[in-house]
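The values are calculated or read from the model by the stated rules, or taken from the named source; none is laboratory data. All values derive from a computational prediction rather than experimental measurement. A quick note on method: Cβ atoms are made from the backbone with ideal geometry, for glycine too, and the neighbour counts reach across all protein chains shown.
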Amino acid sequence: MEIGLTYDLRQDYLDMGYGEEETAEFDKESTIEGIEKALNALGHTTKRIGHIKTLVKSLANGEKWDIIFNITEGMFGIAREAQVPALLDAYEIPYVFSDAFTLAVTLDKGLTKTIVRNLGIPTADFFVLKSIDEIEQVNLPYPLFAKPIAEGTGKGINANSKISDKEQLKKICKNLLDEFKQPVLIETFLSGDEFTVGITGTGEDAKVVAVMEILLGDKAEAEIYSYSNKDNYEDRVSYRLASEKTAKKCEDVALAAWRGLNCRDGGRVDVRMDANGIVNFIEVNPLAGLNYLTSDLPIMCGLKKIPFNDLIKDIMESAIKRVKNY
């Protein structure tokens, strides 16, 4: 099978003048190399395409592939992760991972939490702040937690994201609105342990590959899996597999959210316990990082002794099965 690779290479955007945090979600060359080697080892041939603009040129030139392995995050717009899948849909070219609709919905954390809550899945109470003038409408108990509504990799999250009073809330929300030019998601702060759940498969075939606990060290920004903590994880963060009892609780929440949001093939669901030990949905990552050394999904697979090539095999088998059954 010939597989086209679509991705956003971080260095390309840094060379264009974009900053470190702006490009935090984009991929390293080593990530693309690792995926390509894994696909080749599984017997597939690969063709590097790159970001959406090079994909447009390739399509205009009449190029075709059996399937696209798509990990593009996109640069502009709140539905940026959906742009490449939507384009591929228009050309009737199948692709790996979630479709344009799911990717557009799940990047909006407020909309995602609304759907999850309506599905009966526990999630922290929240308010979506679109303007600083709405601050008086926030009627949630402190402490609170605030973050941009449509960012990943901990962007916009730091030691000040846990908020103790209205004055701090107003200051933090104003900063986030000004910097990210998008609404702010304000949530009741969850004080319990945090986990990320790796999933492969689609619908009823979806399965949990591992549940990993995130442990913040002495050098980390306290209580929060922030952008800085993620960027400096070697010195600040450690990981371990959850106990069997805890893992089961996390699995139930994660799989219900994964299936309810129509996510496909592979990714992660982040969850955290509240003060009563109830597992709450935080967010879903339908385009989870796939660096074989540094991304959470491969890390947790490594803890379970699952080789990276086997992870990619599971993802591809899910995608190929979908395409054959379509």
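Filter segment 51-68 down to the residues that are surrounded by 13 or more Cβ atoms within 10 Å (Cβ to Cβ) and farther than 20 Å from D27 by Cβ and list them by number. Selection gives L59, E63, D66. Quick check on G77: is it on the phi > 0 side of the Ramachandran plot and either assigned by TED's automatic domain parsing to the domain that holds Y292 or surrounded by fewer than 16 Cβ atoms within 10 Å (Cβ to Cβ) (or both)? Considered against the rule, which asks whether it is on the phi > 0 side of the Ramachandran plot and either assigned by TED's automatic domain parsing to the domain that holds Y292 or surrounded by fewer than 16 Cβ atoms within 10 Å (Cβ to Cβ) (or both), G77 comes out as yes. The helices (runs of 4 or more DSSP H) located wholly in segment 31-109 that include 2 or more residues which are in contact (Cβ under 8 Å) with a residue 12 or more places away in the chain and of a type in the set (G, A, S) occupy 100-107.
Scanning segment 1-30 for residues that are in a helix (DSSP H, G or I) and of a type in the set (K, R) yields a single hit, R10.
Might you check whether a residue that is among the β-branched types (V, I, T), surrounded by fewer than 21 Cβ atoms within 10 Å (Cβ to Cβ) and at pLDDT below 95 occurs anywhere in segment 285-305? So far as segment 285-305 goes, yes, one or more of its residues are among the β-branched types (V, I, T), surrounded by fewer than 21 Cβ atoms within 10 Å (Cβ to Cβ) and at pLDDT below 95.
Among (1) in the same structural domain as V279 (by TED's automatic domain parsing); (2) loosely packed, with under 14 Cβ neighbours inside 10 Å; (3) of a type outside the set (A, V, I, L, M, F, W, C), there is one condition E179 misses while meeting the rest; what is its number? All conditions are met except number (1). Among the helices (runs of 4 or more DSSP H) contained in segment 184-300, which hold 2 or more residues that are closer than 30 Å to I132 by Cβ and within 19 Å of the chain's Cα centre (by Cα)? The helices (runs of 4 or more DSSP H) meeting that bar are 227-231.
Using the structure shown, decide if E21 is in contact with a helix residue (DSSP H, G or I) (Cβ under 8 Å, 6 or more places away or on another chain) and either under 16 Å from L290 (Cα atoms) or touching a residue at least 40 places away in the same chain (Cβ under 8 Å) (or both). Criteria met by E21. Scanning segment 110-118 turns up no residue that is closer than 23 Å to D265 by Cα, in contact with a strand residue (DSSP E or B) (Cβ under 9 Å, 6 or more places away or on another chain), in contact (Cβ under 8 Å) with a residue 12 or more places away in the chain and surrounded by fewer than 20 Cβ atoms within 10 Å (Cβ to Cβ). For segment 221-248, taking the residues that are among the β-branched types (V, I, T) and closer than 20 Å to I278 by Cβ, the one that is modelled with the lowest pLDDT is identified as I224. Restricting attention to segment 293-305, does a residue exist that is more than 15 Å from V197 (Cβ to Cβ) and among the hydroxyl-bearing types (S, T, Y)? Looking for residues that are more than 15 Å from V197 (Cβ to Cβ) and among the hydroxyl-bearing types (S, T, Y), one finds at least one in segment 293-305, hence yes. The number of residues in segment 1-45 being among the aromatic types (F, W, Y) and closer than 19 Å to W65 by Cβ comes to 1.
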